[in-house]
Amino acid sequence: MESARAKEKYVAESLLRPSRSLVLICFAHFNFLRGRLTRKGLLQYNRRLLFITSSYKAIMEAIQTDQAPLAIGPYSQAIKANGFVFLSGQIPLVPETMQVIEGDIQAQTDRVFASIAAVLAAAGTALDKVVKTTVFLADMNDFTAMNEVYARYFGDHRPARSTVQAARLPRDVRVEIEVIALA
């Protein structure tokens, strides 16, 4: 029988490895520590569980659409992973020209939401699946005007939101918005 310290070290190392069925693995490790399961049995159990859950392995997919501004750096418009879609911050660029849209904060916020909707559609989801937004404003005095447009796009759907004033935004725009949505 292995020493208790060796068992604890093995369990700690095993738990640091990513697993889709952590609860079941914890249960198996609990039985191992209680002496109800040998190390060989634990390894066999883990292999079977990994084989069963391999079809649920986390996969990341980059989302790209020409209906929204292209990424202007080494990043993706969005990443789809584990049932969520993570959108990069969208700024008010016209997709065809990659130029900042002319107009006030409401016009810029409208353009940003058009881009967000396009990227979400490319990922197979929509604004009503958004769970969290982060709004970056160049001037917090624009909050009320931005919020009117924001409310128009979300209607009765109320995702969690953070709004902050940034010292400076890319291309000196007035607003940038990033979202997390259900896939």
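Taken together, the values in this text are just the output of simple stated rules run on the coordinates, not laboratory data. Keep in mind the model is a prediction, meaning the values are calculated, not measured. Note that we place each Cβ from the backbone using ideal geometry, even for glycine, and neighbour counts take in every protein chain shown.
Of everything in segment 152-183 that is surrounded by 15 or more Cβ atoms within 10 Å (Cβ to Cβ) and of a type outside the set (A, V, I, L, M, F, W, C), the residue that is nearest to ALA81 (Cα to Cα) is GLU178. When segment 118-151 is filtered for residues that are more than 23 Å from the chain's Cα centre (by Cα) and within 30 Å of GLU61 (Cβ to Cβ), only VAL149 remains. Please enumerate the residues belonging to segment 136-147 that are in contact with a helix residue (DSSP H, G or I) (Cβ under 8 Å, 6 or more places away or on another chain) and closer than 18 Å to VAL179 by Cβ. Correct list: LEU137, MET146. The single residue among PHE113, PHE86 that is of a type in the set (Phe, Trp, Tyr), touching a residue at least 24 places away in the same chain (Cβ under 8 Å), out of contact with any strand residue (DSSP E or B) (no Cβ under 6 Å at 6 or more places or on another chain) and surrounded by fewer than 22 Cβ atoms within 10 Å (Cβ to Cβ) turns out to be PHE113.
Applying the criterion of being part of a strand (DSSP E or B) and among the β-branched types (Val, Ile, Thr) to the residues of segment 146-183, the residue that is farthest from LEU127 (Cα to Cα) is VAL164. What's the total number of residues in segment 129-145 that are touching a strand residue (DSSP E or B) at 6+ places or on another chain (Cβ under 9 Å), touching a residue at least 24 places away in the same chain (Cβ under 8 Å) and assigned to a helix (DSSP H, G or I)? The number of residues fulfilling the criteria is 3. Among the conditions (1) closer than 19 Å to GLY73 by Cβ; (2) under 18 Å from the mean Cα position of the chain (by Cα), the only one that THR97 does not satisfy is (2). Taking the criterion of being in a loop (DSSP other than H, G, I, E, B) and small (Gly, Ala, Ser), the residues of segment 80-119 that qualify are GLY83, SER88, GLY89, GLY103.
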